[in-house]
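These notes are about the structure you will find just below.
The values are calculated or read from the model by the stated rules, or taken from the named source; none is laboratory data. Owing to the predicted nature of the structure, the values given are computational and were not obtained by experimental measurement. Don't worry about glycine lacking a Cβ; one is built from the backbone with ideal geometry, like all the others, and counts go over all protein chains shown.
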Amino acid sequence: MLGNLTSAGTLHLVLAMFRIVIGLVQLLRPKRGAGHRARGYAFVYAMLVTDGTALLLYRFTGQFNVLHVGAIANLICIVMAIVPMLRNPRPKNWKYHHYYWIAWSYVGLMSAAATQIVVRLGLSTTPGQAWAMTFAATMTVSAISYILIARNRPSPEQGSASASTILHQGVPS
């Protein structure tokens with residue numbers, strides 16, 4: 001175990017750091033092929049376990065709190081990102097929905113990381129200050145992410161490349 005973390009806390013931390021790296025690689029690399037798919041599944045599985053372990057951690061307040069709600073919201077984002085991928089046939093706008101939900105899942109991860117950094121650095125001395133710092137970190141990460149997500153998203157009408165090729169040219173290239 002790391003420092004004074006429980007086994008659930010250690011697993012949560014290690015997988016969260018793994019997800020940060022994998023998510024960044026996914027963001028920077030091309031969005032197709034076996035590598036993207038393999039990294040994506042690794043990200044999703046790690047996210048499921050990390051959010052599950054987050055629901056087991058109660059050290060901050062000793063009870064269920066808004067951070068647990070964030071873990072549940074992140075689980076919803078993951079499910080919403082994966083459902084269009086698993087449908088057969090995939091909906092016309094599956095890339096848009098997948099990108100949107102997986103991107104916001106990554107934002108949740110980065111917001112949680114920013115919260116951990118400001119709280120663990122001891123920048124707050126009271127619970128009220130800790131919650132204020134949590135709110136500020138989350139809002140800052142979310143505002144920056146909103147701009148980046150909007151700037152880089154695929155168009156909502158865009159279908160898969162092979163589907164549009166079949167519809168417009170008759171045969172895939």
Residue match in segment 86-96 (condition: under 17 Å from A137 (Cβ atoms) and surrounded by 15 or more Cβ atoms within 10 Å (Cβ to Cβ)): no
Count - residues of segment 119-150 that are assigned to a helix (DSSP H, G or I) and either in contact with a Cys (Cβ under 8 Å, 6 or more places away or on another chain) or surrounded by fewer than 19 Cβ atoms within 10 Å (Cβ to Cβ) (or both): 22
Selected residue (criterion: modelled with the lowest pLDDT) from residues of segment 137-159 that are out of contact with any Ser or Thr (no Cβ under 9 Å at 6 or more places or on another chain) and over 20 Å from L27 (Cβ atoms): G159
M133 vs. criteria modelled with pLDDT under 90 and in contact with a Ser or Thr (Cβ under 7 Å, 6 or more places away or on another chain): yes
Some residue of segment 94-116 being outside any helix (DSSP H, G or I) and out of contact with any Cys (no Cβ under 7 Å at 6 or more places or on another chain): no
First in segment 77-96 and under 20 Å from I149 (Cβ atoms), second anywhere and part of a helix (DSSP H, G or I) and β-branched (V, I, T), Cβ under 8 Å, 6 or more apart: C77/I102; I78/V44; I78/I102; A81/V44; A81/I102; I82/V44
Selection status of L24, within 23 Å of T134 (Cβ to Cβ), in a helix (DSSP H, G or I) and either modelled with pLDDT under 85 or out of contact with any helix residue (DSSP H, G or I) (no Cβ under 9 Å at 6 or more places or on another chain) (or both): no
